[in-house]
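Novice: Here it is: the structure, laid out below.
The values are calculated or read from the model by the stated rules, or taken from the named source; none is laboratory data. A quick note: this is a predicted structure, and the numbers were derived from the prediction, not measured. With ideal geometry, Cβ positions are generated from the backbone for all residues, glycine too; neighbour counts draw on all protein chains shown.
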Amino acid sequence: MKYIILAVLMLGIFIPVNAQIPSGDDILKRIDQNQVFDKAISTSTMIIHSRTGDRTIKSKAWSSGTEKTFVEYLAPAREKGKKMLKLGKNLWIYTPEPSDRIITISGHLLKQSVMGSDMSYEDMMESDELRSKYDAKVIGKEMYKDRECWVLDLTATIDDVAYFSRKIWVDAERWLPLKEERFAKSGMLLKRTEILDVFYQDDRWLPKRIIFKDMLSRGDGTEYIIDSIEFNVQIPEYQFTKAALRK
Amino acid sequence: MLAIKLAYRNLMGARLRTWLNVFVLSLAFVVIIWFKGVLNGWNQQARHDTISWQIGGGQYWHENYDPYDPFTVEDSHAPLTDEMTAAIKQGKMTPTLISQASIYPQGRIQSVSLRGVDPDQQILELPTEYLKSDDGEIPAIIGSRTAKNSKLNIGDYVTVRWRDVNGTFDANEVKIVHIFKTDVPTTDLGILWIPIDKHQSMVQMPNQATTLTTSHEIGYIGEFPGWVFKDHYFLLSEIREMIKAKSIGGYIYFIILMSLAMLAIFDTQVLSIFRRQKEIGTHIALGMTQKQVVALFTVEGAMHSILAAFLAMIYGIPLLALQAKVGWSMPAGTDDFGLTLSDTIYPSYSIGLVVGTTLIVLITTTIVSYLPARRISKMEPTDAIRGKIQ
């Protein structure tokens, strides 16, 4: 009898709590909603910390939803004038004079590092596809950097993914993925992404400073800083064409 | 015969001048034979080592495989057919599965070519017997150059990250069980050899291979759809081209050396004709035709090369024989250039090489001796006998 009472009591404790736990899919949707915007222009700084020293790359990006992005590199002098255009699953890179070439990044080239950073083009391209490729489970709630986070465990549902599983700590209030770990099939931790600073603009929380780290290498990772961002600005459609790469 | 006798007497009469010319010419002989011998020796060693370590009797490549384009590697694999499996079991060929991977020695990322090979194979000299392991670990053998570049030693564990057939990352620790020394850098530099069955399961390509190396004795076995047979002529083309390039470089030295010797001969001939006009006139007065006198002077010049050949034999044979025995040690670090080059090159001299070089020097010397001697046929015998300069 006392076990039945205990069980009923436990149910009484857990049922309301479980009812408040959103599903993994819901959390991923909330993250997406937080990141959805019509058009935006941003400037950012990428600092690549390598064994031989740091490399700082500045760029300006024009975005339209998640499908269209145009990036122009501003500094250093070696990278200045390089441009990148992403249209859906297609990616092109323009290298200015003297080569003056547009290269289509596809197939195996997507696995190459972006400007020598800890990120591959593939990493950059796949961010908006998590819900279609992974089964997300909420495994608990944890404090991370003084923020209450939902912890999500993502397991690939299809074969054609770069990372078999992921673990994401999502800010339960701001719906930002504060930390993400990407794992190999063997369970070995391969990459970690952390949002170090956030900022509030236009009724939403956004990452200010993000660090990407290849966990197998000894480097200090790649820092990505959003210097400024403007939402809902006018961007002509021409900006998202291949012709704009050579402009 | 008279011309030869006279030419010999004249040459001996010239003493030091003759012997200086002969010595320079003999140097050309010895250097040409030595250099060609070194190239021959290098060629033979490189071919032998490449066959033993890498290509056996020829290789079957998957139709998409291009070793010079790493992006083709991921699409260059196919299941082994029953005929192939039977040939492998009979020891006629051995499969290799190739994929791209990254290793992290001491936390430094390095790209490597991951190669799965049969631990029981007997076709290649690769010490694959070290890859036999039952302890669940992934054993790996690497070449000494890779070990040096990656600072890896026997017993070390290194993290390897690779992608399976679907492009999904995987990573694990690999144990270095043996470090081998080879003269063939293409089986060493940036290559991690692991058991093929482990490799196939790691990348989810069961019973698949990228290349098949046939045994030295058998070579071509037959047609396999989707696979292209590459014979020795194709697989050794790099070595052939390299030796060809080196030979061309060597010819420049030969030309300089031969030019010096030929200049001396030419000079001697011109001087002889100028100083021995009375003798030329006397020969003609005594009944020799101008052609015979031209022949006499040409034989005299050409005889330098015969004497040079004898002189070259006297000091060249022991010198070249000693070199062939002890070899020519390459400077430290030469094997890092990516050439198939052993620590010591043993020159190889063939009869053809010696006879060929002798003929080249003899013909060249004869031509160079004949050119100034042609003036004799234009001489007026009466003026010549008086020693009048013409």
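Novice: Kindly list the number of the only condition in (1) in contact (Cβ under 8 Å) with a residue 40 or more places away in the chain; (2) within 14 Å of chain B (Cβ to nearest Cβ); (3) surrounded by 14 or more Cβ atoms within 10 Å (Cβ to Cβ) that fails for residue A:218.
Specialist: Result: residue A:218 fails condition (3) only.
Novice: Tell me, which strands (runs of 3 or more DSSP E) lie completely within segment B:187-230 with 2 or more residues that are closer than 20 Å to residue B:138 by Cα and at pLDDT 95 or above?
Specialist: Counting at least 2 such residues, we get B:191-195.
Novice: Working carefully through the options B:281, B:287, find the one that is on the phi > 0 side of the Ramachandran plot and either among the β-branched types (Val, Ile, Thr) or at pLDDT below 85 (or both). Give the steps one after another, and end with the answer.
Specialist: Working: B:281 fails: on the phi > 0 side of the Ramachandran plot.
Exactly one of B:281, B:287 is on the phi > 0 side of the Ramachandran plot and either among the β-branched types (Val, Ile, Thr) or at pLDDT below 85 (or both), namely B:287.
Novice: Check B:258, B:288, B:262 and return the single one that is outside any helix (DSSP H, G or I) and outside the structural domain of residue B:212 (by TED's automatic domain parsing). Break it down into steps so the answer makes sense when it comes.
Specialist: On the way: B:258 fails: outside any helix (DSSP H, G or I); B:262 fails: outside any helix (DSSP H, G or I).
Only one candidate passes the filter, namely B:288.
Novice: Looking for something over 21 Å from the mean Cα position of the chain (by Cα) and free of Cβ contacts under 8 Å to residues at least 60 places away in the same chain - is there at least one such residue anywhere in segment A:102-116?
Specialist: There is at least one residue in segment A:102-116 that is over 21 Å from the mean Cα position of the chain (by Cα) and free of Cβ contacts under 8 Å to residues at least 60 places away in the same chain.
Novice: Kindly indicate the residue of segment B:66-85 that is more than 21 Å from residue B:215 (Cα to Cα) and touching an Asp or Glu at 6+ places or on another chain (Cβ under 9 Å) and also farthest from the other protein chains (Cβ to nearest Cβ) among those meeting that condition.
Specialist: B:76
Novice: Specify the residue that is farthest from residue B:164 (Cα to Cα); the eligible residues are those in segment A:221-235 that are β-branched (Val, Ile, Thr) and away from chain B (no Cβ under 14 Å). Show your work before the answer.
Specialist: Taking segment A:221-235 and keeping what is β-branched (Val, Ile, Thr), we get A:222, A:225-226, A:229, A:233, A:235.
Checking the rest, the ones that are also away from chain B (no Cβ under 14 Å) come to A:225-226, A:229, A:233, A:235.
Working: A:225: 33, A:226: 35, A:229: 39, A:233: 43, A:235: 41 Å.
Ranking the qualifying residues of segment A:221-235, first place goes to A:233.
Novice: Among (1) of a type in the set (A, V, I, L, M, F, W, C); (2) away from chain B (no Cβ under 14 Å); (3) over 17 Å from the mean Cα position of the chain (by Cα); (4) surrounded by 17 or more Cβ atoms within 10 Å (Cβ to Cβ), which single condition is residue A:243 missing?
Specialist: (4)
Novice: Okay, next question. May I ask you to list the residues in segment A:180-201 that are among the hydroxyl-bearing types (Ser, Thr, Tyr), within 19 Å of residue A:217 (Cβ to Cβ) and more than 14 Å from chain B (Cβ to nearest Cβ)?
Specialist: The answer is A:193, and nothing else.
Novice: Next up: Considering only segment A:196-205, I want to know if a residue exists there that is assigned to a strand (DSSP E or B), modelled with pLDDT of 90 or more and under 28 Å from residue B:160 (Cα atoms).
Specialist: So far as segment A:196-205 goes, no, none of its residues is assigned to a strand (DSSP E or B), modelled with pLDDT of 90 or more and under 28 Å from residue B:160 (Cα atoms).
Novice: Considering only strands (runs of 3 or more DSSP E) fully contained in segment B:103-182, which possess at least 1 residues that are touching a Phe, Trp or Tyr at 6+ places or on another chain (Cβ under 9 Å) and more than 14 Å from chain A (Cβ to nearest Cβ)?
Specialist: Values: elements: B:110-117, B:138-143, B:157-163, B:169-180.
Here the list reads B:110-117, B:138-143, B:169-180.
Novice: Give segment A:160-172 a look and list any residue that's out of contact with any Leu (no Cβ under 8 Å at 6 or more places or on another chain) and more than 13 Å from residue A:142 (Cα to Cα), or say none.
Specialist: A:160, A:161, A:162, A:164
Novice: Oh, and also: Kindly evaluate residue B:331 against the criterion of being surrounded by 13 or more Cβ atoms within 10 Å (Cβ to Cβ) and under 18 Å from the mean Cα position of the chain (by Cα).
Specialist: Details: surrounded by 13 or more Cβ atoms within 10 Å (Cβ to Cβ): no; under 18 Å from the mean Cα position of the chain (by Cα): yes.
Answer is no for this residue.
Novice: Just wondering, is there one or more residues in segment B:173-192 that are closer than 30 Å to residue A:166 by Cβ and surrounded by fewer than 21 Cβ atoms within 10 Å (Cβ to Cβ)?
Specialist: Yes; the residues of segment B:173-192 include at least one that is closer than 30 Å to residue A:166 by Cβ and surrounded by fewer than 21 Cβ atoms within 10 Å (Cβ to Cβ).
Novice: Would you call residue A:163 of a type in the set (Ser, Thr, Tyr) and part of a strand (DSSP E or B)?
Specialist: no
Novice: Closer than 30 Å to residue B:277 by Cα and either at pLDDT 85 or above or part of a helix (DSSP H, G or I) (or both): does that describe residue B:366? Reasoning before the result, please.
Specialist: Values: closer than 30 Å to residue B:277 by Cα: yes; either at pLDDT 85 or above or part of a helix (DSSP H, G or I) (or both): yes.
So residue B:366 fits the description; yes.
Novice: Out of B:86, B:147, I need the residue that is among the small types (Gly, Ala, Ser) and either under 20 Å from residue B:62 (Cβ atoms) or touching a residue at least 40 places away in the same chain (Cβ under 8 Å) (or both). Which one? So that I can check it myself, show each step before the final result.
Specialist: Numbers: B:147 fails: either under 20 Å from residue B:62 (Cβ atoms) or touching a residue at least 40 places away in the same chain (Cβ under 8 Å) (or both).
Criteria check complete, one pass: B:86.
Novice: Next up: Looking at segment B:93-102 only, could you name the residues that are more than 14 Å from chain A (Cβ to nearest Cβ) and either in contact with an Asp or Glu (Cβ under 9 Å, 6 or more places away or on another chain) or over 26 Å from residue B:226 (Cα atoms) (or both)?
Specialist: Listed by number, the residues that qualify are B:94, B:95, B:96.
Novice: Just to be sure, is residue A:126 modelled with pLDDT under 90, within 30 Å of residue A:204 (Cβ to Cβ) and within 14 Å of chain B (Cβ to nearest Cβ)?
Specialist: On the way: modelled with pLDDT under 90: yes; within 30 Å of residue A:204 (Cβ to Cβ): yes; within 14 Å of chain B (Cβ to nearest Cβ): yes.
When the stated conditions are applied, residue A:126 passes them.
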